[in-house]
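*Asks:* First the structure, then my questions, so here it is.
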Amino acid sequence: MTPQRLGVNVDHVATLRNARGEHYPDPLIAAQTAIAAGADGITIHLREDRRHIRDADVMRIRAMIDKPLNFEMAATEEMVAIALKTRPNACCLVPEKRTEVTTEGGLDVAGHRMALAPMVKRLRDAGIRVSMFVDPDWNQLEASAEIGATIVELHTGAYAQGKPDELIRLQQAAGLTESLGLECHAGHGLNYDNVTPIAAIPEVMELNIGHFLIAQAIFDGLPAAVRRMKALMHAARGE
Ligand code: PXP
């Protein structure tokens, strides 16, 4: 099976830092530590309210890591401008406002094609890979392909909450991505106990995992948490 990448989301290192208004723990050091332990990329989400990652973090992390940076962002002019200035390897468009969210939580690409298509084009024209964070739903996949996205990241939140049939929906959606010309990623709510069936889906090329790894780092340290997650992913793919 094609090797699967692990993107480590370091947002919640910044959450902890901001809780005390200190300069530590530093999400850049977390990113470098995760990479040294085997992370294949780093994900950060610059929220409109800057509740965890801040603008200066984006610049520092972009400049100081030697693996791909996946920049999660709302579909707004402000964020597109920051992405065009920062030039991450990939941008993942995620919902932040209720109107952009479907009931399950992914971005409603199908309902916002006209607004999203020009943003996707501007990012792609700048050489940035563009991902849509969507529920495992045909309409969302088809719309993502139609507006020119490179990647869909399937939202695994409902699966992680134990919703029945969700694994089948994810497997089926992943199986449709290739024919649509989309690379398939997955993420949200993944942990040691639930990662295996998702990592085993052949089309899923990348998992993005944050909250659990940062939480587990409290007990085991970040390098051990990253190494264990990668070992589980390898095992799931029979490597
Ligand atoms: N992928 C996307 C698009 C996300 O927005 C998030 C959450 O920031 C994640 C993956 C990671 O989710 P978690 O922190 O639950 O692992």
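The values are calculated or read from the model by the stated rules, or taken from the named source; none is laboratory data. What you see is a predicted model; the values in this text were computed from it and never measured. Cβ: placed from backbone, ideal geometry, glycine included. Neighbour counts: every protein chain shown.
*Asks:* Take the residues in segment 62-106 that are acidic (Asp, Glu) and modelled with pLDDT under 95, then tell me which one is surrounded by the fewest Cβ atoms within 10 Å (Cβ to Cβ).
*Replies:* Applying the filter and picking the extreme gives Glu104.
*Asks:* Also, I was wondering about something else. Hey, among the residues in segment 110-143 that are polar (S, T, N, Q) and in a helix (DSSP H, G or I), which one's surrounded by the fewest Cβ atoms within 10 Å (Cβ to Cβ)?
*Replies:* Let us first name the residues in segment 110-143 that are polar (S, T, N, Q), namely 131, 139-140.
When the remaining residues are screened for being in a helix (DSSP H, G or I), the result is 139-140.
On the way: Asn139: 14, Gln140: 25.
That would be Asn139.
*Asks:* Tell me the residue from Ala225, Ala186 that is on the phi < 0 side of the Ramachandran plot, assigned to a helix (DSSP H, G or I) and either within 15 Å of the ligand (Cβ to nearest atom) or among the hydrophobic types (A, V, I, L, M, F, W, C) (or both), please.
*Replies:* Answer to the check: Ala225.
*Asks:* Look through Ala174, Ala186 and report the one residue that is within 21 Å of Val101 (Cβ to Cβ), surrounded by 15 or more Cβ atoms within 10 Å (Cβ to Cβ) and of a type in the set (Gly, Ala, Ser). Show your work before the answer.
*Replies:* Values: Ala174 fails: within 21 Å of Val101 (Cβ to Cβ).
Going through Ala174, Ala186 in turn, just one is within 21 Å of Val101 (Cβ to Cβ), surrounded by 15 or more Cβ atoms within 10 Å (Cβ to Cβ) and of a type in the set (Gly, Ala, Ser): Ala186.
*Asks:* Let me ask another. Could you list all residues from segment 17-42 that are assigned to a helix (DSSP H, G or I) and either crowded, with 17+ Cβ neighbours inside 10 Å or at pLDDT below 95 (or both)?
*Replies:* As a first pass, look at segment 17-42 and keep what is assigned to a helix (DSSP H, G or I): 17-19, 27-36.
Matches in segment 17-42: Arg17, Pro27, Leu28, Ala30, Ala31, Gln32, Thr33, Ala34, Ile35.
*Asks:* Considering every residue within segment 165-175, establish whether at least one is more than 15 Å from Asp135 (Cβ to Cβ), within 13 Å of the ligand (Cβ to nearest atom) and either not polar (S, T, N, Q) or not in a helix (DSSP H, G or I) (or both).
*Replies:* No.
*Asks:* A further question follows. For Met64, only one of the following conditions fails: (1) of a type in the set (A, V, I, L, M, F, W, C); (2) within 15 Å of the ligand (Cβ to nearest atom); (3) more than 18 Å from the chain's Cα centre (by Cα). What is its number?
*Replies:* The single condition Met64 does not satisfy is (2).
*Asks:* Right, next: Is it fair to say Val226 is buried (at least 20 other Cβ atoms within 10 Å of the Cβ), over 19 Å from Thr2 (Cα atoms) and touching a helix residue (DSSP H, G or I) at 6+ places or on another chain (Cβ under 7 Å)?
*Replies:* Taking the combined requirement at face value, the residue satisfies it.
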